[in-house]
Amino acid sequence: MIKIAPSLLSCDLLHIGEELKKMEQSGADYVHIDCFDGHFAPNIAFGPDFVKAIKKGTSLPLDVHLMLENPLRFVSSFLDAGSDFLTFHQEVISQQEFASLSAKLHSRKVKTGLSLMPITPIEKIKPYLKNCDLVLVMSVMPGFSGQKFQENALQRIADLKKEREEMHASFLIEVDGGVNDTNAFSLIESGADILVSGSYLFEGNMKDKIERVKRYE
Ligand code: DX5
Ligand code: ZN
């Protein structure tokens, strides 16, 4: 069944405790947390202390998306903060670094994700796939909620699904950026296992929106 990960970038930060409860009561499966350092992407948000606070405020697993120029510097802090999934960008990490990170994360029972920007060719991530628990396909450029969905994500997800079958792997396929009711069903058809959504889910009735997507399957 499709899993839903609302992105806290679009929540009402002044009432974050209530927003977390709303997510739980609406049938969300993960809490997606975006971490930007102002270098890798043109925004600054959510560090390890924030993740630590959220961990205390919800029983949902934390899906932490690192958009940092030097993510290796912060791995221990994000692990100690209580991340359940920790996702790195291919553009700033070598295959060898990723393989050793994956071992480190697994020793802490944390899942390892790899993400790529819409402009990064899918071939670039192939050497990393054997160490992935999750692949996060970005369908907008990293930085902000509310951007327009980039259609090439559909084909990229289908390619990844095919690749997963061929290599008998089991990594999850997640999509992030501009996801709403006009593209959610095509994304599921293409092979997405997890939909991240920010601005769409936090506007209006989250429960109705999540139920509609989950009923589709
Ligand atoms: C963008 C972030 C996304 C963003 C999604 O850099 O990675 O998680 O919050 O927001 P929407 O769904 O509004 O595009
Ligand atoms: Zn994200």
*Tell me, in nm to one decimal, what length is gained between Asp80 and Thr120 on full extension, where the rule is 0.36 nm per residue of separation less the Cα-Cα distance?*
11.4 nm
*Which whole-Hz ³J(HN,Hα) couplings does the range 46-57 yield from phi under the Karplus relation 6.51 cos²θ - 1.76 cosθ + 1.60, θ = phi - 60°, glycine and proline marked x?*
6, x, x, 5, 5, 4, 4, 5, 5, 4, 6, x
_Residues listed by number, the range 127-160, amide nitrogen under 19 Å from Ser94 label point at 7 Å toward C-beta_ = 127-132
_In Å², and per residue, what accessible area does the chain have when probed at 1.4 Å with the other protein chains present?_
45 Å²
*Assuming R0 = 30 Å, can you tell me the calculated FRET efficiency for the pair Lys207 and Ser170, based on Cβ-Cβ distance, to the nearest 0.05?*
0.50
*Dipole in debye (nearest 20) - the range 3-215, about Cα centre, beta carbon charges: Lys, Arg +1; Asp, Glu -1*: 440 debye
*First compute the accessible area of the range 3-215 with a 1.4 Å probe, then give the percent of it belonging to carbon and sulfur atoms.*
51 percent
*asked:* Report the per residue volume, in Å³, of the convex hull enclosing the C-alpha atoms of the chain.
replied: 111 Å³
_Give the lysines reachable from Lys207 as a straight Cα distance under 28 Å; neighbours fewer than 8 places away on the same chain don't count._
Lys3, Lys21, Lys22, Lys52, Lys55, Lys56, Lys111, Lys148
*For the range 157-217 and the range 87-103, compute the distance between their C-alpha centroids and round to whole Å.*
24 Å
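The values are calculated or read from the model by the stated rules, or taken from the named source; none is laboratory data. Since the model is a prediction, treat every value here as computed from it, not as a measurement. So basically every Cβ, Gly included, is an ideal-geometry build from the backbone, and we count neighbours across all protein chains shown. With ligands, DNA and RNA removed, areas are computed over all heavy atoms of the protein, side chains included. Shrake-Rupley method; radii C 1.70, N 1.55, O 1.52, S 1.80 Å.
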